[in-house]
1. For segment 1-26, what are the residues that are outside any loop (DSSP other than H, G, I, E, B), over 19 Å from residue 41 (Cβ atoms) and touching an Asp or Glu at 6+ places or on another chain (Cβ under 8 Å)?
2. Filter segment 167-179 for residues that are open to solvent by 40 Å² or more (accessible area, probe 1.4 Å) and within 21 Å of residue 83 (Cα to Cα); which is nearest to the ligand (Cβ to nearest atom)?
3. Scan segment 86-121 residue by residue and report those that are part of a helix (DSSP H, G or I), near the ligand (Cβ under 6 Å from one of its atoms) and open to solvent by less than 20 Å² (accessible area, probe 1.4 Å).
4. Among the residues of segment 221-233, write down those that are in a loop (DSSP other than H, G, I, E, B) and surrounded by 16 or more Cβ atoms within 10 Å (Cβ to Cβ).
5. Anything in segment 180-205 that is within 11 Å of the ligand (Cβ to nearest atom) and surrounded by 17 or more Cβ atoms within 10 Å (Cβ to Cβ)? List them, or say none.
6. Could you run through segment 131-146 and say how many residues are part of a loop (DSSP other than H, G, I, E, B) and either open to solvent by 10 Å² or more (accessible area, probe 1.4 Å) or within 10 Å of the ligand (Cβ to nearest atom) (or both)?
7. If you scan segment 173-220, which residues turn out to be part of a loop (DSSP other than H, G, I, E, B) and under 18 Å from the mean Cα position of the chain (by Cα)?
8. Which members of segment 57-85 meet the condition of being open to solvent by 30 Å² or more (accessible area, probe 1.4 Å) and touching a residue at least 60 places away in the same chain (Cβ under 8 Å)?
Amino acid sequence: MYNFSYHRPNNIDSAIAILRKSEDGKIIAGGQTLIATMKLRLAAPSDLVDLGGIEDLKAIRKGTKTLMVGSMATHTQVTTSSLIQKEIPSLSKLASEIGDQMVRNLGTIGGSVANNDPAADYPAAVLGLGATIVTDTREIHADDFFTGMYETCLKDSEIIKHLVFPIPNRSAYVKFKNPASRYAIVGVMVAEFDNGVRVAVTGAGSGAFRIESLETALTKDFSNTSIAGIKIPTDNLIEDMHASAAYRAHLIQVITQRAVQEAK
Ligand SMILES: Cc1cc2nc3c(=O)[nH]c(=O)nc-3n(C[C@H](O)[C@H](O)[C@H](O)COP(=O)(O)OP(=O)(O)OC[C@H]3O[C@@H](n4cnc5c(N)ncnc54)[C@H](O)[C@@H]3O)c2cc1C
């Protein structure tokens, strides 16, 4: 690891000021990805701006038909929040299945979404639930946020303040996980709203993506029979030591059906 200066501001304005003044400053949330990257010398920020001292960023609140989750809410907080358990149980279940207890105690929703690992769980929830990502300068809809593998439309030193999730009529997240890391080999979020169904997949491509054919069928008829005959194309699916593209396509079919069955 290279030398860096550490800062722990207690409000967002100070965090922004430090970031703008620094030569190559970086935000740190729980450090679950960033510290490992720095230890490997794949990142060498001049300054680390720890958001852990900004209490506002940890809040979880209910709005009108929405839930607002602070970017510094840990996976444990999302798992155990009675508000999230009541309003969007699929989100709380998703968080409970991330990594292990230590990772869940430190890892944050904002860090996960900013990092956009192609096998991470939250991108499927953010896309599947049609969330809005609120930063210090703008509001970004999930459909525009993720731009590629480990890439988002966030600018340097832009801070995610919170995420706003519309509350669906029913939803479920089901993942087929890597037994070692617990990252998704395939994970699917299905969410039904008054104006239609959204289906988002993680683990199977270069980033989370929606599947229009499944969404159209489920919007007409929210049942397994409506999607049983839909073939998932393998064109843009990844292949690795864990699963071929064809196997991932099969998993998407099966797991979406399980999610439809579990949706509440
Ligand atoms: C052993 C292990 C197992 C894991 N298993 C899973 C799993 O099963 N599923 C899964 O989804 N994830 C998994 N993870 C990832 C983990 O859940 C974290 O969410 C992820 O590593 C990000 O960590 P963090 O929140 O501590 O962010 P950090 O590591 O602190 O930051 C990550 C990146 O996000 C940026 N960032 C952080 N917060 C903000 C913000 N508010 N605004 C703008 N940019 C920001 C940072 O600058 C950095 O670039 C695993 C991690 C480990 C180490």
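1. Residues satisfying the conditions are 7, 12, 16, 18, 19.
2. This residue is 170.
3. Once the filter is applied, which keeps residues that are part of a helix (DSSP H, G or I), near the ligand (Cβ under 6 Å from one of its atoms) and open to solvent by less than 20 Å² (accessible area, probe 1.4 Å), segment 86-121 yields only 110.
4. 222, 232
5. 183, 184, 185, 187, 202, 203
6. Number satisfying all stated conditions: 3.
7. 178, 181, 182, 183, 203, 204, 205, 206, 207, 208, 211
8. Within segment 57-85, 63, 65, 66, 68 qualify.
The values are calculated or read from the model by the stated rules, or taken from the named source; none is laboratory data. These numbers come from a predicted model, not from an experiment. FYI the Cβ positions are ideal-geometry reconstructions off the backbone, even for glycines, and counts take in every protein chain you see. Keep in mind that these areas ignore ligands, DNA and RNA; they rest on the heavy atoms of the full protein, side chains included. Shrake-Rupley method; radii C 1.70, N 1.55, O 1.52, S 1.80 Å.
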